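First the structure, in the form of structure tokens, and then the observations on it.
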Amino acid sequence: MANILLSSERNSYGTDRPYTPLNAPELQDIISHINEEHIDELLGFLQVFTPISTAELNNIEVQLTTVYAEGIDIQVQSKNVEYQSITAKNQFDQSQSFFIAFADSITHPDELQVQYIALKQKADKKLGKKTIKLTKQVFDVQDSYRVSKNMLRLQLSMPIPSNASKVERAASVPTNEAGYAYLFDLDHNALTQEATADTTDSSEENNLRPARSHCYYTLRKAWQTSTDMQALVDVFLHGDTPGGSWAQSLQSGDTVVTKREFPEKTEHLRDGQALLIADETSMPTVARLLELWKNPKPPLVICVTQDIADQCYVDAIKMRSSLDGIDNDNSDTDSECNTESRKDNHFTVLPIVTNQANSGAELATLIDSQLGGYLTHNPLQIDKVWGALEANTAKALRPLLKDRLALSRTDVVVKVYWRHD
Ligand SMILES: Cc1cc2nc3c(=O)[nH]c(=O)nc-3n(C[C@H](O)[C@H](O)[C@H](O)COP(=O)(O)OP(=O)(O)OC[C@H]3O[C@@H](n4cnc5c(N)ncnc54)[C@H](O)[C@@H]3O)c2cc1C
């Protein structure tokens with residue numbers, strides 16, 4: 001249980017009464033994670049819950065400094081006095097703190113996630129943005145098969161009640177979104193297997209429980225039939241790991257359960273010259289982005305794989321082209337590695353094959369230098385970036401890309417999809 005102390009008196013916006021600090025050692029890691037990966041959410045909180053104007057938001061640096069039982073403190077400071085607009089000028093020359101209140105007080109960091117998500121949902125709703133959902137969904141497993149050497153496709157379905165309205169059908173599984181991710185409950189299948197296993201051997205029982213109980217995987221594609229929703233999920237297999245073993249153990253007729261879902265941040269790709277960067281875990285997002293591409297300019301795609309045999313996953317994607325009116329169909333293909341389909345592509349793939357797990361700052365340097373080499377021979381002004389990689393690669397790559405491409409924070413979205421340990 002956290003040690004709860006009373007804070008000293010404070011005098012910044014929204015902090016007109018003392019709040020209760022949570023003294024838990026794990027909070028520092030959570031705060032660092034939010035400051036590294038979720039700055040856009042903090043900006044959303046400031047936009048919705050404080051009087052800071054949109055013009056000012058473009059000129060400030062923000063960071064989460066403290067988590068109290070009753071809410072969070074976000075510190076705001078001017079980015080660079082030279083570039084400030086007149087309205088924003090001198091507003092935050094001194095750093096200033098803004099308190100954002102939780103709906104319900106917390107007593108332990110374990111409860112922070114629920115309150116943080118509630119703030120995000122409220123802020124996104126006010127900003128008209130799609131948001132994270134804490135909904136339980138149950139899918140039936142229909143089939144599973146490899147679509148490239150190390151990529152296992154799960155074919156799932158979800159029955160739709162015959163009396164469901166059009167809106168209810170559309171809301172159940174999104175058919176037109178790239179990077180829509182589900183948090184799969186790995187424990188659900190472990191518990192089902194336990195129930196059917198011989199319960200006399202308790203050590204064997206314990207072995208069935210995965211080392212991690214949840215794992216995010218992206219909806220590769222979904223479509224509606226007359227009776228159900230069909231969904232594809234592609235799982236990268238890299239040795240004997242909880243997510244991969246879970247996916248490989250699934251049999252036709254099993255159910256899988258998801259507990260949370262959230263939309264990917266890709267709105268900035270609607271116009272301008274885009275660069276997409278994927279490793280094996282984000283290839284499904286990039287594939288769907290290409291199929292649903294609405295930007296008149298085709299993107300440049302950097303595809304990093306450990307094994308050359310997995311490159312065909314992206315090579316084979318048919319891009320929806322607003323240039324020639326080719327529309328993506330929603331039919332499933334047995335394998336992504338069908339080179340015939342390449343003839344409709346208008347995007348360029350810059351493949352990088354590393355022959356090792358794709359993690360760490362060195363990979364960021366490699367991606368940046370390969371991009372630099374490509375741009376020297378193919379002059380192209382990149383306006384927008386979306387990518388998702390390992391945590392240390394993403395962290396090292398963001399500043400390299402901002403420098404090389406002279407882009408702002410909002411135009412370079414490089415997400416963390418996994419962590420190397
Ligand atoms: C929003 C989102 C969407 C995602 N979508 C997909 C998706 O569609 N398909 C997909 O396959 N993954 C996807 N991921 C990534 C997936 O959730 C992680 O890779 C997850 O950690 C895999 O779990 P695991 O049990 O395989 O390995 P973990 O339990 O995370 O790790 C076990 C071991 O494997 C290593 N490891 C983990 N991931 C990799 C990797 N990619 N390459 C090499 N070594 C690794 C770790 O360092 C560790 O040593 C997504 C992640 C997020 C956040």
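Derivation of every value follows stated rules applied to the coordinates shown; laboratory data play no part. Predicted, not measured: the structure shown is a model, and the values here were computed from it. Cβ coordinates were reconstructed from backbone atoms using ideal geometry, including for glycine residues, and neighbour counts include every protein chain displayed.
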Item to complete: Show the residues, 5+ positions off or on another chain, whose built amide H is closer than 5 Å to the amide H of R146.
Response: R153
Worksheet, complete the sentence: Rounded to 0.05, the calculated FRET efficiency for the beta carbons of H268 and E194 at R₀ = 56 Å is 0.80
Worksheet item: By the gyration tensor of its Cα atoms, with a ≥ b ≥ c the square roots of the eigenvalues, what is the shape of region 360-421: rounded for a/c under 1.5, prolate for a/b over b/c, or oblate?
Response: oblate
Worksheet entry | Stretchable slack from Q142 to H238, in nm (0.36 nm times residue separation minus alpha-carbon distance) | 32.3 nm
Practice prompt. Distance between Cα centroids, region 362-421 to region 267-312: provide it in whole Å.
Written response: 13
Item to complete: List, in order, the whole-Hz ³J(HN,Hα) value for each residue of region 259-266 obtained from phi through the Karplus relation with A = 6.51, B = -1.76, C = 1.60 and θ = phi - 60°; use x for Gly and Pro.
Response: 10, 8, 9, 8, x, 7, 8, 9
Discussion item. Per residue of region 51-66, what does 6.51 cos²θ - 1.76 cosθ + 1.60 with θ = phi - 60° give for ³J(HN,Hα)? Whole Hz please, x for Gly and Pro, Karplus curve as stated.
Written reply: x, 4, 7, 4, 4, 5, 4, 6, 10, 10, 9, 10, 8, 6, 10, 9
Practice prompt. Mind putting a number on the dipole of region 205-313 about its Cα centre? Charges go on the C-beta only, +1 for Lys and Arg and -1 for Asp and Glu, and I need it in Debye to the nearest 20.
Written response: 380
Discussion item. Can you give me the long-range amide H partners of I106? Hydrogens built in the peptide plane at 1.01 Å from N, cutoff under 5 Å, separation of 5 or more residues or another chain.
Written reply: E70
Discussion item. If neighbour count is taken as other Cβ atoms inside 10 Å, put K384, K133 in order from fewest to most.
Written reply: K133, K384
Practice prompt. Apply 1/(1 + (r/R0)^6) to the Cβ-Cβ distance of E168 and A118, taking R0 = 25 Å, and write down the FRET efficiency to the nearest 0.05.
Written response: 0.55
